[in-house]
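As structure tokens, the structure follows; a few thoughts come after it.
The values are calculated or read from the model by the stated rules, or taken from the named source; none is laboratory data. Remember, it's a predicted structure, so these values are computed and weren't measured experimentally. With ideal geometry, Cβ positions are generated from the backbone for all residues, glycine too; neighbour counts draw on all protein chains shown. Please note that ligands, DNA and RNA were not included when accessible areas were found on the heavy atoms of the full protein model with its side chains. Shrake-Rupley method; radii C 1.70, N 1.55, O 1.52, S 1.80 Å.
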Amino acid sequence: MLGRLPTCLVLFGALAVAVPVVAPSLIRFDEIAQKAGLQFTLRNAAAGQFHQIELTGGGVAVLDYNNDGCTDIFFTNGAAIPSLRKTGPEFFNRLFRNNCDMTFTDVTAEAGLTGEGYSMGAAVGDFDNDGFADLYVVGVHRNILYRNMGNGRFSDITAKAGVAGVDPRYGKMWAVSAGWFDYDNDGWLDLFVSNYVVWDGAKEPRCGSPERQFYCHPKEYQGLPGQLFHNNHDGTFTDVSQQSGIGKHIGKGMGVAFADMDGDGLTDIFVANDSVRGLLFHNDGQGKFSEVGLESGVALREDGYAIAGMGADFRDFDNDGKPDLVVSGIINDSFLLFRNPTQSGRLFDDYAQRTGLLMGTRQLTGWSLGMYDFDNDGWKDLFFGLSHLAELEKYLGRDSALPNRVFRNVEGKKFEDVSAAAGSAFQRAAMHRGVAFADFDNDGRVDAVVTVLNGPAKLFRNVSGGQSHWLALRLRGRQSNRMGLGAAVHVQLADGRDLYNAATTSVGYASSSEALVRFGLGANKTAKWIEIRWPSGGVQRLTNVAADQILEVDEGAKP
């Protein structure tokens with residue numbers, strides 16, 4: 001049918017190539033969780049006592065734990081308060097196996113992932129380079145590293161690995177998010193933990209009157225430092241938080257995102273903080289990180305205000321080859337979009353107003369988010385998991401539940417709210433929290449799984465129309481880490497456009513998304529060439545790659 005579409009001429013030297021023009025398609029989703037057998041409810045154990053931990057939970061992770069080519073789903077869950085014990089199956093964390101037909105089976109018990117404690121976030125990475133995705137679960141006073149044994153089961157190796165997260169000064173901490181990345185490019189994934197605030201249920205501050213109590217503002221709680229664990233290549237880790245400089249900075253950490261912001265081949269870290277300035281850690285390549293959020297222009301909103309930062313994604317929205325940063329916040333904050341405009345990648349511009357995102361999100365409260373090309377037109381769009389704060393909004397006379405939002409990227413110049421046309425199920429309000437992104441049915445369109453506080457999880461299948469093509473890369477590192485996290489990928493299309501993306505699983509808030517590197521190709525049936533810059537420093541080029549496939553790429557393999 002492409003032959004009936006209008007075409008334009010793109011010149012390569014003296015050669016004129018006719019490229020079909022694909023009209024913009026609507027971004028649409030069907031909500032199919034119940035039909036797919038994905039039955040999970042996030043429980044926060046709220047019982048009218050207004051414990052701060054009740055507000056924030058609810059991450060979700062996606063991973064192909066059994067390497068069958070179909071992406072599975074793991075949910076974190078709460079626990080009884082104040083014991084922080086999973087006193088019944090209603091509090092179990094849950095793993096759902098993808099049956100490769102867009103249905104799922106609960107395999108939690110056989111996988112050994114019911115969990116312990118009040119869980120918050122999850123991070124996926126192959127820390128031992130054995131080809132099986134491992135799982136790190138964080139929460140209130142308890143973090144757990146699960147090694148994927150390769151036989152359908154996971155083993156708790158937290159104590160042996162040395163990643164329980166207990167700090168010499170603060171003791172057991174409350175972590176919201178975590179992420180895997182290779183900060184020293186030695187071929188082994190290291191671990192970053194985003195810690196929130198000091199919490200003790202017996203000594204918690206109380207806000208409001210006895211008749212009208214409500215959750216306290218984060219300013220009533222002491223912040224915590226993040227943590228960095230170096231992979232020792234033998235199944236153990238060393239806490240390098242202090243010597244790296246990470247542990248010297250106190251924040252109220254929520255979402256974490258990674259990118260090589262200045263193109264030096266080293267992965268940097270952004271932490272979204274709640275009501276205090278965001279932190280941007282620049283990697284110097286010598287095992288040290290400098291906090292450069294203020295001088296880089298990403299610590300605060302343009303007017304100098306510290307938003308209640310929650311989710312973050314660190315990707316290139318305008319296809320100029322430099323990663324940009326999006327951060328979600330609370331009502332009246334507006335969400336932030338920082339464009340990376342300089343050659344050095346060290347000074348960002350606040351682009352939220354110029355792209356329409358500032359006013360378009362002013363009345364929203366955003367938790368998790370993701371920057372993905374949902375309509376495969378070559379431009380990354382924005383998906384936000386939304387809901388106001390429970391009880392606090394009721395106290396102010398507002399409905400806490402909100403529908404999610406999707407903003408279409410219009411050629412890297414503006415973001416257009418297209419939620420109203422995204423399907424009737426997409427309009428349904430709920431107490432959304434974590435969001436993870438993957439192509440669950442391998443049709444080339446990115447889907448989303450969303451947790452709901454004290455409600456059923458949602459699975460949004462992407463059913464966007466149009467005839468746009470796509471390409472996904474599954475990277476296999478050899479000198480680099482096995483999952484290729486941190487690899488930067490540059491694609492040039494036949495129509496002359498350049499597209500950029502990078503491998504990461506750390507996306508949004510308390511959640512972990514697929515490791516595949518995806519591109520929407522628009523009308524292009526092939527990629528003219530693909531260049532992969534691996535974390536090891538090696539550069540690999542593939543030419544004339546056909547569209548509409550998941551391409552397995554071994555580091556260093558000849559095309």
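Filtering the stretch 209-258 to residues that are open to solvent by less than 50 Å² (accessible area, probe 1.4 Å), within 21 Å of VAL198 (Cβ to Cβ) and assigned to a loop (DSSP other than H, G, I, E, B) leaves TYR215, CYS216, TYR221, GLY226, LYS252.
Return yes or no: is ASP268 open to solvent by 10 Å² or more (accessible area, probe 1.4 Å) and either basic (Lys, Arg) or in contact with a strand residue (DSSP E or B) (Cβ under 9 Å, 6 or more places away or on another chain) (or both)?
Details: open to solvent by 10 Å² or more (accessible area, probe 1.4 Å): no; either basic (Lys, Arg) or in contact with a strand residue (DSSP E or B) (Cβ under 9 Å, 6 or more places away or on another chain) (or both): yes.
The answer is no for ASP268.
Take the stretch 256-312 and flag every residue that is under 21 Å from the mean Cα position of the chain (by Cα) and among the aromatic types (Phe, Trp, Tyr). Of everything in the stretch 256-312, those that are under 21 Å from the mean Cα position of the chain (by Cα) and among the aromatic types (Phe, Trp, Tyr) turn out to be PHE258, PHE270, PHE281.
Any idea which of ASP184, ASP190 is under 29 Å from ARG533 (Cβ atoms), within 24 Å of the chain's Cα centre (by Cα) and open to solvent by 50 Å² or more (accessible area, probe 1.4 Å)?
Numbers: ASP190 fails: open to solvent by 50 Å² or more (accessible area, probe 1.4 Å).
Being under 29 Å from ARG533 (Cβ atoms), within 24 Å of the chain's Cα centre (by Cα) and open to solvent by 50 Å² or more (accessible area, probe 1.4 Å) holds for just one of ASP184, ASP190, which is ASP184.
Identify, from the list PHE92, PHE96, the residue that is surrounded by 18 or more Cβ atoms within 10 Å (Cβ to Cβ) and either touching a Phe, Trp or Tyr at 6+ places or on another chain (Cβ under 6 Å) or at pLDDT below 95 (or both).
PHE96
Inclusion of MET102 among residues that are buried (at least 16 other Cβ atoms within 10 Å of the Cβ), farther than 27 Å from ASN195 by Cβ and of a type outside the set (Gly, Ala, Ser) is warranted.
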